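Please read the structure below before turning to the comments.
The values are calculated or read from the model by the stated rules, or taken from the named source; none is laboratory data. Note that this is a predicted model, so its numbers are computed, not measured. For neighbour counting, all protein chains shown are included, and Cβ atoms are generated from backbone atoms with ideal geometry for every residue, glycine included. Note: accessible area is taken over every heavy atom of the protein model, side chains too, but ligands, DNA and RNA are not part of it. Shrake-Rupley method; radii C 1.70, N 1.55, O 1.52, S 1.80 Å.
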Protein chains: 2
Amino acid sequence: MILRGKYVVCRVIDDDTSEIIKDGAVFQRDGQIVEIGLYMDLKARHDPDEEIGGPDFVVIPGMVNAHHHMRLTPFQLGSLDMPLEPGIFAEWSSREVDPYLDTLWCVLQMIESGITTVMHNQAMVRTPSDLDFYDSNARIVDAYEDSGMRVAFSLYNRDLHFFTSQDDETFLDSLPPFLGDRSRKGMRSRPITLDDHLSASEKLIVNKASNRTRIFISPHNVHWCSYEYLLAIKDFASRHSTGLHIHLQETAYQKMYGDEHWGKTPLAHLKDLGFLGPDLSCAHGVWLTDSDIDLLAETGTAICHNPSSNLRLNSGIAPINRLLERGVNVAIGIDEAGINDDNDILQEMRLTQKIHREPGVGVASPSSHRVLDMATRNGAKVTFFGDEAGTLEVGKRADMVLLDLERISEPYLDPDTNIVDSVVYRGRGSDAKTVIVDGEVLLRDGVHTKFDRAEIGARIRESLSGPLSPAAAGRAKFNADLKP
Amino acid sequence: MILRGKYVVCRVIDDDTSEIIKDGAVFQRDGQIVEIGLYMDLKARHDPDEEIGGPDFVVIPGMVNAHHHMRLTPFQLGSLDMPLEPGIFAEWSSREVDPYLDTLWCVLQMIESGITTVMHNQAMVRTPSDLDFYDSNARIVDAYEDSGMRVAFSLYNRDLHFFTSQDDETFLDSLPPFLGDRSRKGMRSRPITLDDHLSASEKLIVNKASNRTRIFISPHNVHWCSYEYLLAIKDFASRHSTGLHIHLQETAYQKMYGDEHWGKTPLAHLKDLGFLGPDLSCAHGVWLTDSDIDLLAETGTAICHNPSSNLRLNSGIAPINRLLERGVNVAIGIDEAGINDDNDILQEMRLTQKIHREPGVGVASPSSHRVLDMATRNGAKVTFFGDEAGTLEVGKRADMVLLDLERISEPYLDPDTNIVDSVVYRGRGSDAKTVIVDGEVLLRDGVHTKFDRAEIGARIRESLSGPLSPAAAGRAKFNADLKP
């Protein structure tokens, strides 16, 4: 197969430069990139079964959404944006959506904006429909497998502070007795243990790891896990040579928790436990200190940056300029919704570029090339697909996106404009016309090849058309009582 | 004509509430709103020539882009984003685009996202193609007239500090002699005077003011205008009972200029000159002090907020939460491009909502209702169309937009979600299917009624396909020499 573009963006070289082939093409066979060069040369040298693209397209590496949770967005399920801490309560009461369909819809949206790989971080939850943790979560992984998208999937869990960031008993004692009793009962009747976490993760590795699927493991957040929990998770990852993903210093309160409980930041606490390293990626990292940034740089620990989520949840603006200055690996994640509630990675890239424009003349902020690198190569690295994807290079797998260059440049674009600037300044999700993973076409001319989008949407609508289940209604009532 | 929606959003009442009619409709005759109510009732009572919309749409008031400059975006013309101060130099060297076509393209984009009124603030520039200032700028107003859109059009000019924010001679003396001489020559040979400014503005008022066109007047920015210039402009506005528009404290440097030259902020300086009041709207206002905010509130002076531009140009984030708290009239402007370089007001509204989410629990920031109010009623007020537009009310003119509710809610949206939240959280420019100004349909099912979009685009491309004109090439060379 030949993929042709007026420009082929192979990889980012530095802040101001990418390797770009004008009137270029990629020749791939069985999902492997065999040659990249001028279209004329490749066309003469190979006899492709199929040719996709043309002079009105730009070919770029498939993009990586480096921090995500499945679901229709909380907004779609009835929750306005709110800060993380009260937001967690609110999510408990949202409707159950079939996890397979729910994942699939999100996958379709992601593919539509050119995402080929995702870091999916999944809460372990007990719902009436869960047979066991393996079965319910395997269905999510099945959706990725069926879609053809690459995924680094991790289950997350915690063993401390189920309700807030303080000791549960202290919190429960502060509630009116009827609420405290009910909360204690709920918390104790069906705890999710470390063993549940490890055994479900192990079973996922055995049964589900594949060329396009990695199984990671994830402690939810530093202040929600005991030393023992963190060490057991780290040990699991080492034994299975797999990746670690964690939420870190997303809100100011989380940083304050570290000051109060350990006399140091959560990241410094992780450092002391031997938890840091190139296998670990941390979502958010909004409230990083300068010495945290040094720790990240020294240990090769990555940050998955979520600019939209950090705005929507009143978390703040992460110190990305400082992280890049120190050479920390920073990837970009949509974290469930993005600013437009629609999982558009190009919008998230553009927000990443603009939101770190600190005031004044001469302040460095991410260039278009840097942003593209964050959303491709850096993301591939944190999801452990760095050898296969993230750049277009001979020998790598064929994960790529064809964007509609005519739309991006309408009605006119200065001919000297670098194409990477054009994509990052003006590209929209809907400009992704063809999306390929491992040589397999998942989106062709804007149409999904493996699923009927309208039908999946209709099935989701149908499944949610009835009244709330008694269990969900009960949770909603409980939350309404608890909120004040 | 009946305009029908599953919801008709008539007007915003407060932070949490809008007047919304479910299964509603608007009946308009000759551009005037005659009745608003249940679709069933209106359908029974009136015999419309035409019915637009249906249960898959939401009807909202037409939106106002309250600060804008015509042009293909600077990015399209070859300039990467940069801070305002060096950016002004860069713009001098961009290609000339036919002002009529240029305006028209921008108008088409604005209409496509549901904008029905714009505050167009126009630089007075001498170009080889200018016959005189009236003729060249009347062509811009003609484009609005031909398009059917409402416009508050102002010419801006300045009489101080042509090159930077310091005395021109001091600056020019600091240049290498060949550059200084050339700059002096350019500056002196063709000055644009106060008289040019007033006479062109007066002629525009006489010839071009109409139901849909207001002619305002604009000193460029406080530090670029002498006392005498500001007073003459103010006097002109009073004599013609028209509006004043100015750039204000957009960058930290502008605030610093005030400290240095007047021992007070530029806004306080304007106050002392008697310049403030309900007829004045100020663009940007990023670097407002608390006492500036008091001055705005006390005098009824408005702020036109430009969140995308303020990010793109490294200006900063304006104190919108404080302005709203004090009851200052805040409207929203795209200022030439918006974050996506495409003039999408719904994207700008959403950015307005999200970017002021200061960190932590319990910090107030603009609700969806507040944001919609800023983009409709507040914008109508600053453009002097407050009596005609900005809300849907009996007796007002019919400026409204039908958004595709099915797309906004795909595949599912909790049925209890307030429609104003749905629009502000999830609406995209491309959801605007029908746009009506003064009862006239400008966009129908996403297609422009008065212009062929592709043809206008082709004419712009054609006009820019040749090499740079000698004059433009000379300016580019001069700027390249000057930049260091």
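Would you be able to tell me the number of residues in the range A:414-424 that are modelled with pLDDT under 95 and either within 7 Å of chain B (Cβ to nearest Cβ) or surrounded by 22 or more Cβ atoms within 10 Å (Cβ to Cβ) (or both)?
Residues in the range A:414-424 being modelled with pLDDT under 95 and either within 7 Å of chain B (Cβ to nearest Cβ) or surrounded by 22 or more Cβ atoms within 10 Å (Cβ to Cβ) (or both): 2 in total.
Kindly evaluate A:Gly53 against the criterion of being in a strand (DSSP E or B), open to solvent by less than 10 Å² (accessible area, probe 1.4 Å) and farther than 30 Å from B:Ala364 by Cβ.
On the way: in a strand (DSSP E or B): yes; open to solvent by less than 10 Å² (accessible area, probe 1.4 Å): no; farther than 30 Å from B:Ala364 by Cβ: yes.
So A:Gly53 does not fit the description; no.
Can you work out which of the residues in the range A:283-320 that are free of Cβ contacts under 8 Å to residues at least 60 places away in the same chain and in contact with a Cys (Cβ under 7 Å, 6 or more places away or on another chain) is farthest from A:Asp341 (Cα to Cα)?
Checked the range A:283-320; the qualifying residue farthest from A:Asp341 (Cα to Cα) is A:Thr301.
Across the range A:315-339, what is the number of residues that are within 10 Å of chain B (Cβ to nearest Cβ) and either in contact with a strand residue (DSSP E or B) (Cβ under 9 Å, 6 or more places away or on another chain) or surrounded by fewer than 24 Cβ atoms within 10 Å (Cβ to Cβ) (or both)?
Number of matching residues: 3.
Looking at the range B:247-272, which of its residues are farther than 22 Å from B:Ala302 by Cβ and among the acidic types (Asp, Glu)?
Residues satisfying the conditions are B:Asp259, B:Glu260.
So, A:Ser365, is that one in contact with a His (Cβ under 8 Å, 6 or more places away or on another chain) and modelled with pLDDT of 95 or more or not? Spell out how you get there, then give the answer.
Values: in contact with a His (Cβ under 8 Å, 6 or more places away or on another chain): yes; modelled with pLDDT of 95 or more: yes.
When the stated conditions are applied, A:Ser365 passes them.
Being surrounded by 15 or more Cβ atoms within 10 Å (Cβ to Cβ) and either within 14 Å of chain A (Cβ to nearest Cβ) or part of a helix (DSSP H, G or I) (or both) is the filter here, so list the residues in the range B:260-276 that pass it.
B:Pro266, B:Leu267, B:Ala268, B:His269, B:Leu270, B:Lys271
Specify the residue that is farthest from the chain's Cα centre (by Cα); the eligible residues are those in the range A:245-259 that are open to solvent by 10 Å² or more (accessible area, probe 1.4 Å) and within 12 Å of chain B (Cβ to nearest Cβ).
A:Met256
Given the range B:409-484, what helices (runs of 4 or more DSSP H) lie entirely inside it while holding 3 or more residues that are without any contact (Cβ under 8 Å) to a residue 12 or more places away in the chain? Break it down into steps so the answer makes sense when it comes.
Numbers: elements: B:419-426, B:453-463, B:470-482.
Hits in the range B:409-484: B:453-463, B:470-482.
Checking the condition within 14 Å of chain B (Cβ to nearest Cβ), over 26 Å from the mean Cα position of the chain (by Cα) and either farther than 27 Å from A:Met349 by Cα or modelled with pLDDT of 95 or more (or both), which residue from A:Ala471, A:Ala458, A:Ala476, A:Ala454 passes?
From the options A:Ala471, A:Ala458, A:Ala476, A:Ala454, the qualifying one is A:Ala476.
Looking at the range B:1-38, which of its residues are of a type in the set (Val, Ile, Thr) and within 25 Å of B:Ala364 (Cβ to Cβ)?
Hits for the range B:1-38 are B:Val9, B:Val12, B:Ile13, B:Thr17, B:Ile20.
Looking at B:Ser147, B:Ser136, which is the one that is on the phi < 0 side of the Ramachandran plot, more than 18 Å from the chain's Cα centre (by Cα) and either of a type in the set (S, T, N, Q) or buried (at least 22 other Cβ atoms within 10 Å of the Cβ) (or both)?
B:Ser136
Going residue by residue through the range A:375-384, is there one that turns out to be aliphatic (A, V, I, L, M) and modelled with pLDDT under 95?
Step one: filter the range A:375-384 for residues aliphatic (A, V, I, L, M), giving A:375, A:380, A:382.
Filter again for modelled with pLDDT under 95, leaving none.
Checking the range A:375-384: not a single residue is aliphatic (A, V, I, L, M) and modelled with pLDDT under 95.
As an exercise: evaluate A:Arg239 against (1) open to solvent by less than 40 Å² (accessible area, probe 1.4 Å); (2) basic (Lys, Arg); (3) free of Cβ contacts under 8 Å to residues at least 60 places away in the same chain and give the number of the one condition it does not meet.
Condition not satisfied by A:Arg239: (1).
Among residues belonging to the range B:56-79 that are in a strand (DSSP E or B) and open to solvent by 20 Å² or more (accessible area, probe 1.4 Å), point out the one that is nearest to B:Trp105 (Cα to Cα).
Ranking the candidates gives B:Phe57 first.
Checking the condition within 14 Å of chain B (Cβ to nearest Cβ) and modelled with pLDDT of 95 or more, which residue from A:Gln76, A:Gln109 passes?
Of A:Gln76, A:Gln109, the one residue that is within 14 Å of chain B (Cβ to nearest Cβ) and modelled with pLDDT of 95 or more is A:Gln109.
Output the number of residues of the range A:392-413 satisfying the condition of being of a type in the set (A, V, I, L, M), open to solvent by 20 Å² or more (accessible area, probe 1.4 Å) and within 11 Å of another protein chain (Cβ to nearest Cβ).
Keep residues of the range A:392-413 that are of a type in the set (A, V, I, L, M), which gives A:392, A:394, A:398, A:400-403, A:405, A:408, A:413.
Within this subset, residues satisfying the condition of being open to solvent by 20 Å² or more (accessible area, probe 1.4 Å) are A:394, A:413.
Restricting the remaining residues to those that are within 11 Å of another protein chain (Cβ to nearest Cβ) gives A:413.
So the count comes out to 1.
Return only the number of the condition from (1) open to solvent by 10 Å² or more (accessible area, probe 1.4 Å); (2) under 18 Å from B:Met63 (Cβ atoms) that B:Ala283 does not satisfy.
Going through the list (1) open to solvent by 10 Å² or more (accessible area, probe 1.4 Å); (2) under 18 Å from B:Met63 (Cβ atoms), B:Ala283 breaks only (1).
Report the residue count in the range B:380-408 for those that are part of a helix (DSSP H, G or I) and farther than 27 Å from B:Asp335 by Cα.
We begin by selecting, within the range B:380-408, every residue part of a helix (DSSP H, G or I); these are B:380-382, B:405-408.
Going one step further and asking which of them are farther than 27 Å from B:Asp335 by Cα, we end up with B:405-407.
The number of residues fulfilling the criteria is 3.
Looking only at the range A:24-50, how many residues end up being over 16 Å from A:Leu402 (Cα atoms), open to solvent by 10 Å² or more (accessible area, probe 1.4 Å) and not in a strand (DSSP E or B)?
Of the residues in the range A:24-50, 10 are over 16 Å from A:Leu402 (Cα atoms), open to solvent by 10 Å² or more (accessible area, probe 1.4 Å) and not in a strand (DSSP E or B).
In this structure, does A:Ile21 turn out to be touching a helix residue (DSSP H, G or I) at 6+ places or on another chain (Cβ under 9 Å), over 15 Å from A:Leu405 (Cβ atoms) and open to solvent by less than 40 Å² (accessible area, probe 1.4 Å)?
Spelling it out, it is not the case that A:Ile21 is touching a helix residue (DSSP H, G or I) at 6+ places or on another chain (Cβ under 9 Å), over 15 Å from A:Leu405 (Cβ atoms) and open to solvent by less than 40 Å² (accessible area, probe 1.4 Å).
Can you confirm whether the range B:425-436 contains a residue that is of a type in the set (S, T, N, Q) and surrounded by fewer than 23 Cβ atoms within 10 Å (Cβ to Cβ)?
yes
What is the number of the single condition among (1) under 20 Å from A:Ser18 (Cα atoms); (2) within 14 Å of another protein chain (Cβ to nearest Cβ); (3) not in a loop (DSSP other than H, G, I, E, B) that A:Arg377 does not meet?
Status for A:Arg377: all satisfied but (2).
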